[in-house]
């Protein structure tokens, strides 16, 4: 399918948004539009498709400026509620990671390796207006003479707080099972022995990168919904892999593209940024993320019209294969099957459970749709799209 007279530009769509004339639908709604009218007419009818996802995203955290004191300090070690942050940045800058656990976690004292509180919870507590105990230590210099700082702070007290997540919005992810004879505790949740349950983590047809499999509209500078506020895609995320195997519709069947995103933490809402404790794994941060997909041409319309029945992921054993770097898959399964509550693996029916919230993903897509309809949000044209492959031959393209 070639781009034709149905093509639009960002400028044209943004002008319609500002005039209140743009037609906005969610990714779920777009499935029906494409099925009924086809990609060509869907492109004529729809201007923007909104997406959403809400799930634990371990590669998340925040850059926080803790503010200066008198005498001044060059902090070399920083803690927030006893959660260590990385302070090798500048005098009073630190980065707190979502998966860093508290050093005095009471659960860890009772059950070694188990953690109740970590960096993700610190970030949520800040958003909830709670006081956080800040502690900083320094070695002292002529220009930064202070050696320690202890103070209770709130988000309002902090001069600067930037949610900066190196890897969010994974484009597809594994369906996890456990073929071993013992329970395993993973970042995909608890997996029963003998392949008795299956966990997965994707919003399927609502998921941002599944609606733009070749990153035609997503890149550096793309304006997004992040944590209930305004955010941006600032780079491709760590582990970004556009070369993963793809299905007939061009959508990767394995973990593929990722996003680096950031936004002002002070503009966000704890409803969409939640600290998470995963049994036997540790702490994380559940992040709400939504991306508007401009329908610039029929190709993009077709991609946003792909349903859960046409989106597949691979089944992976986390009991032995995953931890030992074995790439064996035990079949593929559609998101329609996963969402049904049971799938068949090696001839047996097993229960499925999502780590991603479909209801919250749907709500994010609807919120973003409302922002666009009211002219509160416009499209950010990327200055550079993400590393991808040629849709025609799947070779790398600049």
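Using equal-weight Cα scatterers in the Debye expression, the normalised intensity of the range 158-228 in log10 at q = 0.23 Å⁻¹ is -1.04.
Report the gain in length on full extension from residue 384 to residue 342: 0.36 nm times residue separation, minus Cα-Cα distance, nm rounded to one decimal.
This chain segment gains 11.0 nm when fully extended.
Between residue 15 and residue 235, the simple spin-label model (points 7 angstrom out along Cα→Cβ) gives 3.6 nm.
In the chain, the longest principal axis of the Cα atoms and the axis of helix 27-45 are about 50 degrees apart. Using the Cβ-Cβ distance between residue 77 and residue 376 with R0 = 45 Å, the FRET efficiency computed as 1/(1 + (r/R0)^6) comes to roughly 0.60.
Does the range 259-314 come out rounded, prolate or oblate by the C-alpha gyration tensor, with a ≥ b ≥ c the root eigenvalues, rounded set by a/c under 1.5 and, if not, prolate when a/b is larger than b/c and oblate if not? Taking the square roots of the gyration eigenvalues as a ≥ b ≥ c, the range 259-314 is oblate.
Could you tell me what a quarter of the Cα convex hull surface of the range 67-158 works out to, in nm² with one decimal place?
On the way: hull surface 23.9 nm².
About 6.0 nm², averaged over all directions.
Here the calculated FRET efficiency for residue 190 and residue 324, from their Cβ-Cβ distance with R0 = 25 Å, stands at 0.80, rounded to the nearest 0.05.
If I build a Gaussian network model for the chain, linking alpha-carbon pairs within less than 10 angstrom, which residue out of 31, 316, 383 has the largest mean-square fluctuation? Answer for the Gaussian network model of the chain: 383. Just to confirm the number: angle between the C-alpha axis of helix 10-19 and the first principal axis of the chain, 0 to 90 degrees, nearest 10? Between helix and principal axis, roughly 80 degrees. Placing pseudo-labels 7 Å out from each Cα toward the beta carbon at residue 366 and residue 264 gives an inter-label distance of 2.8 nm. Over the C-alpha atoms of the range 183-316, the Rg to Rh ratio, Rh being the Kirkwood estimate, stands at 0.99.
In this simple spin-label model, placing a label point 7 Å from the Cα along the Cα-to-Cβ direction at both residue 248 and residue 70 gives a separation of 7.3 nm. One decimal place: the segment residue 40-residue 86 gains 11.5 nm when fully extended, by the rule 0.36 nm per residue minus the C-alpha distance. Taking the chain as a Gaussian network, where each spring joins two C-alpha atoms under 10 Å apart, which residue of 15, 176, 62 fluctuates the most? Among 15, 176, 62, the largest GNM mean-square fluctuation belongs to 15.
How large is the helix-only mean residue ellipticity at 222 nm for the chain, computed as the sum of -39500 (n - 2.57) over DSSP H runs with n ≥ 4, divided by its residue count, in deg cm²/dmol to the nearest 500? Before the final figure, lay out each step's value.
Details: 7 runs with 72 residues, N = 398.
So the calculated ellipticity at 222 nm is -5500 deg cm²/dmol.
Largest GNM mean-square fluctuation among 168, 297, 211, using the chain with Cα springs under 10 Å: 297.
When DSSP beta bridges are restricted to pairs lying wholly in the chain, around 85% turn out antiparallel. The range 326-385 and the range 272-311 have Cα centres separated by 5 Å.
Placing a label point 7 Å from the Cα of residue 271 along the Cα-to-Cβ direction, the residues of the range 341-369 whose backbone N falls under 20 Å of that point are 356-369.
The distance from the alpha carbon centre of the range 227-268 to that of the range 72-140 is 26 Å, rounded to a whole number.
Using the Cα gyration tensor of the range 9-121, with a ≥ b ≥ c the square roots of its eigenvalues, what is the shape: rounded (a/c below 1.5), prolate (a/b larger than b/c) or oblate (neither)? Don't skip to the end; give the middle numbers.
Values: a/c = 5.32, a/b = 2.10, b/c = 2.53.
Judged from the Cα gyration tensor, the range 9-121 comes out oblate (a/c at least 1.5, b/c at or above a/b).
With the Cα gyration tensor of the chain giving a ≥ b ≥ c as the square roots of its eigenvalues, does the rule (a/c under 1.5 for rounded; else a/b larger than b/c for prolate; else oblate) give rounded, prolate or oblate? Judged from the Cα gyration tensor, the chain comes out oblate (a/c at least 1.5, b/c at or above a/b).
FYI, it's all coordinate maths here, none of it is from the lab. These figures come from a predicted structure and were not determined experimentally. For neighbour counting, all protein chains shown are included, and Cβ atoms are generated from backbone atoms with ideal geometry for every residue, glycine included.
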